[in-house]
Amino acid sequence: MSRARKLRRLAAFLAIVLGASSLALVLDAMGELTGLRAFEDLTLDLRQRTTAESLLPGPSERSTDVVLVLFDEHSVLDPDFGWPWLSPFPRSVLADLVDALSEAGARTIGLDVYLDRLFPGLDTIDGGNDRLHAAMERAGNVVLAAPLQRTDSGPTVAPPHPMFATAATDVGAADLPAAFETFRDGALAVRSGNGLEPSFSLALYAHARGLDTDSLLAAAERSGRLDLPGLPENVGHVPSGWFRDDGAGAGSIVPFRVRYTGPPSSADAEDPPGTFPTYASGTLPVTASFAPEMFRDKIVLLGTGFHDEDKFRTPFYGASPPDDVEGPDGREPYTWMFGVELHANALQNMLDERYVEPLGSTASALLLLLVAFVPAAVTFRSGAAWSGVVTAGVILGVVAGAWWAWAGAVYVPGFEVTGLGTAFLWVPVAAPMASGLLSYVGSVGYVAIVEGREKRFIKNAFGKYLSPDVVAEIADDPESLSLGGQSRPLSLLFSDLSGFTSLSEQLSPEELVALLNEYLDDMTRVVLSERGYLDKYIGDAIMAFWNAPRALDDHPDRALRAAVRMQRSLDRLNARWSRDHDRPDLRARIGVHTGPAVVGNVGGRDRFDYSAIGDAVNLAARLEPANDTYGTRIITSRETLDEADATRFRIRELDLVAVKGRDQPVSIHEVVELREAELPPGLARALERYDQGLAAYRARDWNRAKTHFVSALDARPEDGPSRLYVARCDAHITDPPAPDWDFVVQRSSK
């Protein structure tokens, strides 16, 4: 291929790869409009569902310090033991729950209830405000939730009523990043005025770990990133514009993708178990009294378990429980998760110090380039068909790699191949898939439209007088249309029919052409099936070679195998011709030689052909008629056997001959058959005795050599080489050669 064409194709290739990956990046940035974001989220939801942790049957199988207490429908609405009113949450009930948990030894109590007002009228009934205030002070470990309000001056956390805020150990913002349907993100901190406030889950985590949230957030304001143990480097960044006087900067929440540790939990014993140990608020005082170990040193979150406005879709919505988990109605899919458990999952990530780790921007860009590179490279090299297969394979590889990176292990269903050390790496799927598909479409379009137009022109122009292989090569590299050639090693085959001239005198012209066409058709099919190049027909003769125009590492083996298969095919034709037309057998002579030759377009400017010339071609042509001398069907040179895997063939040495036009003698050998083939009766014995005779012949023991050759003829009377050497032995017995004779036989004819 010419340099100009290589550069042109390289430029097109790079443009397609860069264009596909860049467009995929743009489509991903516009994910809300293109659907890529929704598809990516869906794939991550599926990964969330398929981790070993998420498939555990229930909380008894998990190790967690988080416990849920839900205000369930039964505890609230029971006519005898339920709440005196539904809204607001009865402060006295909350006080009893805080006291029960405090006495049981809970480390931290999170109250996911917004206590913004005192409701004096209701307070006169049970004095709930004072009771709750006192309970919180006694516990000394209650964290309250508060909403984030949007004001004219910017977002601000609306704290609980001072009566409760002063008794609480901390207050955290309960707001989460907005979601269209499924809640996938949690909050680390929120912007409030000119500073940061902790999220509800961060406030709980900080208290449980003995950390000061003010110090954490002050450090985040200075560094621009909230530094938590295990938090990925590309997560937790705080927009610098939040703290300027103009309050610039998008958003009001520092988000992170929550790693849901399992399906929704329920306080109802008849429901399938979920992620966290969960208790109904109505039974909590009794449970905490008789089984305090359930809450001792735990982080207990209290929140609603029945309000419709506080239940959400999560990645586990619609997922089926594990096979060994079954509810009262069978294996019904999981449904909603209440808000308090969203915070619990975010908290669990912090406690585990294991987060969803998004792949970095540099690595993501390299992934897009790689996925775009492969389909384009295969298309430019092998065409659209292979590229389609490879593109599908690359996309499947991206999906498999994403799942393995998330699981932290290379696995197949039911079996782990090897661990990867880390887990929960979020390798994107949607954008790389888009990059690969765009690259495939772009490269196939370029090859089919731009290069295809050029190739079609060349094939139409030259296809009528050049072989299809040469046309295809020229179409791939039009600049190669020159009369020059190149030197390369070739394995050459010459074949000719013996006895064809006499047979042609017995047949009509129509019969002769039909027979010849049938013969040449079978021989051609053999050559092409061995990926050889059929150079030309010369009457009933055939010239073929291997390793050009397409390079073949095993070209000597293919040439020898083709010779054997051609003889087999002729045997089948002879049998049929004899049966159907009572014709005598035809015999083909084949010569094979391997050596350097010049191959290329040979001829004039108005007419040329792709062929080979050189000494190797001449020698191969001379080996073909030598079969008549030795009574063989296939003769090859020592050079071919040295380059081939000779163990695959049954070979016997014939002679050292001095060929006309060559200074050095040539060692020639007969190719009898493939190694695994069954030999005709007597041939194996004849070959064995022949080898013994040749050894004695080379030792100049003419009488013993003749005995072995005669024995070979006894085993197989038609064995030509043995008959030749019997005659030579008789001649040497009568007239011994000179002592310095080198066993080289002069061959003056072609």
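The values are calculated or read from the model by the stated rules, or taken from the named source; none is laboratory data. Every value quoted in this text rests on a predicted model; they were computed, and no experiment measured them. Heads up, the Cβs are rebuilt from the backbone with ideal geometry, glycines too, and the neighbour counts pull from every protein chain shown. The protein model used for the area step is the full one, side chains on, heavy atoms only, and it has no ligands, DNA or RNA in it. Shrake-Rupley method; radii C 1.70, N 1.55, O 1.52, S 1.80 Å.
Can you tell me how many residues within segment 111-128 are open to solvent by 50 Å² or more (accessible area, probe 1.4 Å) and among the charged types (D, E, K, R)?
Number of matching residues: 2.
If Ala597 meets every condition in (1) among the aliphatic types (A, V, I, L, M); (2) open to solvent by less than 20 Å² (accessible area, probe 1.4 Å); (3) outside any loop (DSSP other than H, G, I, E, B); (4) at pLDDT below 90 apart from one, which number is that one?
(4)
Would a scan of segment 703-717 turn up a residue that is more than 28 Å from Asp557 (Cβ to Cβ) and not in a helix (DSSP H, G or I)?
Yes, segment 703-717 has at least one match.
Which one of Gly236, Gly274, Gly251 is in contact with a Phe, Trp or Tyr (Cβ under 7 Å, 6 or more places away or on another chain) and either more than 29 Å from Val190 (Cβ to Cβ) or of a type in the set (Gly, Ala, Ser) (or both)?
Of the residues listed, the single one that is in contact with a Phe, Trp or Tyr (Cβ under 7 Å, 6 or more places away or on another chain) and either more than 29 Å from Val190 (Cβ to Cβ) or of a type in the set (Gly, Ala, Ser) (or both) is Gly236.
For the structure I just gave you, tell me whether Arg131 is within 25 Å of Arg259 (Cα to Cα), of a type in the set (Lys, Arg) and either open to solvent by 40 Å² or more (accessible area, probe 1.4 Å) or at pLDDT 95 or above (or both).
Spelling it out, it is not the case that Arg131 is within 25 Å of Arg259 (Cα to Cα), of a type in the set (Lys, Arg) and either open to solvent by 40 Å² or more (accessible area, probe 1.4 Å) or at pLDDT 95 or above (or both).
Quick check: is even one residue across segment 20-28 open to solvent by 30 Å² or more (accessible area, probe 1.4 Å), within 23 Å of Asp185 (Cβ to Cβ), aliphatic (A, V, I, L, M) and outside any helix (DSSP H, G or I)?
no
Report, ordered by the first and then the second residue, all pairs with beta carbons closer than 7 Å, sequence separation of six or more or different chains, a first member in segment 419-446 that is in a helix (DSSP H, G or I), and a second member that is open to solvent by 40 Å² or more (accessible area, probe 1.4 Å) and among the acidic types (Asp, Glu).
Hits for this filter: Ala430/Asp28; Ala431/Asp28.
Tell me which of these Gly193 doesn't satisfy, since it passes every other one: (1) open to solvent by 10 Å² or more (accessible area, probe 1.4 Å); (2) touching a residue at least 60 places away in the same chain (Cβ under 8 Å); (3) small (Gly, Ala, Ser); (4) within 20 Å of Gly224 (Cα to Cα).
(2) is the only condition that Gly193 fails.
Confirm whether Ala677 is modelled with pLDDT under 95, surrounded by 16 or more Cβ atoms within 10 Å (Cβ to Cβ) and of a type in the set (Gly, Ala, Ser).
no
Residues in segment 542-582 that are among the hydroxyl-bearing types (Ser, Thr, Tyr) and open to solvent by 10 Å² or more (accessible area, probe 1.4 Å): how many?
1
Taking the conditions exactly as written (aliphatic (A, V, I, L, M) and at pLDDT below 90), does Val659 satisfy them or not?
Here the answer is yes, as Val659 does meet what is asked.
Please give the number of the condition Arg222 fails out of (1) out of contact with any Gly (no Cβ under 8 Å at 6 or more places or on another chain); (2) under 19 Å from Val143 (Cα atoms); (3) outside any loop (DSSP other than H, G, I, E, B).
(2)
Go through (1) open to solvent by less than 60 Å² (accessible area, probe 1.4 Å); (2) out of contact with any Asp or Glu (no Cβ under 9 Å at 6 or more places or on another chain) one by one and return the number of the condition Gly421 breaks.
If we test Gly421 against (1) open to solvent by less than 60 Å² (accessible area, probe 1.4 Å); (2) out of contact with any Asp or Glu (no Cβ under 9 Å at 6 or more places or on another chain), just (1) comes out false.
Return a yes/no flag: does segment 399-414 have any residue that is in contact with a Pro (Cβ under 7 Å, 6 or more places away or on another chain), surrounded by 15 or more Cβ atoms within 10 Å (Cβ to Cβ), modelled with pLDDT of 90 or more and hydrophobic (A, V, I, L, M, F, W, C).
no
Could you check, for segment 638-652, whether at least one of its residues is outside any loop (DSSP other than H, G, I, E, B), hydroxyl-bearing (Ser, Thr, Tyr) and open to solvent by less than 60 Å² (accessible area, probe 1.4 Å)?
Within segment 638-652, one or more residues are outside any loop (DSSP other than H, G, I, E, B), hydroxyl-bearing (Ser, Thr, Tyr) and open to solvent by less than 60 Å² (accessible area, probe 1.4 Å).
Out of segment 141-190, which residues are closer than 30 Å to Gly35 by Cβ, open to solvent by 10 Å² or more (accessible area, probe 1.4 Å) and touching a Pro at 6+ places or on another chain (Cβ under 9 Å)?
Across segment 141-190, the qualifying residues are Leu148, Asp175, Leu176, Pro177, Thr182, Phe183, Arg184, Asp185.
I need every pair where a residue in segment 260-289 that is hydroxyl-bearing (Ser, Thr, Tyr) has its Cβ under 7 Å from the Cβ of a residue that is open to solvent by 50 Å² or more (accessible area, probe 1.4 Å), sequence separation at least 6 or different chains.
Between residues of segment 260-289 that are hydroxyl-bearing (Ser, Thr, Tyr) and residues that are open to solvent by 50 Å² or more (accessible area, probe 1.4 Å), the close pairs are Thr261/Glu53; Thr287/Met294.
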